[in-house]
Amino acid sequence: MKRGTVISFIDVVAFIGFLFLTSTGILLRYLLPPGSGRWSEVWGMTRHQWGEVHFWISLFFFSVLAFHLFQHWRFIVGLFHGHLKEALQLRVALGLLGLVAVVLLAIAPLISPVVVDESRED
């Protein structure tokens, strides 16, 4: 199989993974909000079961993206060695800035403090 065909296939699979990850995230956020796990179901699955599906889809999506980066490794190395045409420099700079912003946004919930309301009754 040609390299371009493999990359196109990986891109399509990543897009499909992104769609499923987004749809399960919206399902968890809006259709099965926090606290609905005991009384609401979609397709016979509770909020917690959908959360597990969302987790496994995210692992799949992450692995596909890792493979995507592996397929573009020569380009990435070329960026750091300065083998880049002038026309691409602004696009690469904006892409790196966007990547840093997305990574920081993704890490933010993991480093934020957890607030527990002891007075709340369940």
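Data for the structure
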{"quantity": "Residue check for L28: without any contact (Cβ under 8 Å) to a residue 60 or more places away in the chain, open to solvent by 50 Å² or more (accessible area, probe 1.4 Å) and in a helix (DSSP H, G or I)", "calculated": "no"}
{"quantity": "Hey, R91 more than 25 Å from A106 (Cβ to Cβ) and at pLDDT below 85 or not", "calculated": "no"}
{"quantity": "From V42, V6, V13, residue being farther than 30 Å from H72 by Cα and touching a helix residue (DSSP H, G or I) at 6+ places or on another chain (Cβ under 7 Å)", "calculated": "V42"}
{"quantity": "Residue within segment 1-14 that is exposed (fewer than 14 other Cβ atoms within 10 Å of the Cβ), in contact (Cβ under 8 Å) with a residue 60 or more places away in the chain and not hydrophobic (A, V, I, L, M, F, W, C) present", "calculated": "yes"}
{"quantity": "Members of segment 31-44 found to be open to solvent by 50 Å² or more (accessible area, probe 1.4 Å) and either closer than 25 Å to A14 by Cα or β-branched (V, I, T) (or both), listed by number", "calculated": "L31, W43"}
{"quantity": "Condition check for F55: part of a helix (DSSP H, G or I) and either more than 25 Å from G95 (Cα to Cα) or at pLDDT 85 or above (or both)", "calculated": "yes"}
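The values are calculated or read from the model by the stated rules, or taken from the named source; none is laboratory data. This structure is a prediction, so every number in the text was calculated from the model and none was measured. Neighbour counts run over all protein chains shown; Cβ positions are idealised from the backbone, glycine included. What goes into the accessible areas is simple: the full protein's heavy atoms, side chains included, and nothing from ligands, DNA or RNA. Shrake-Rupley method; radii C 1.70, N 1.55, O 1.52, S 1.80 Å.
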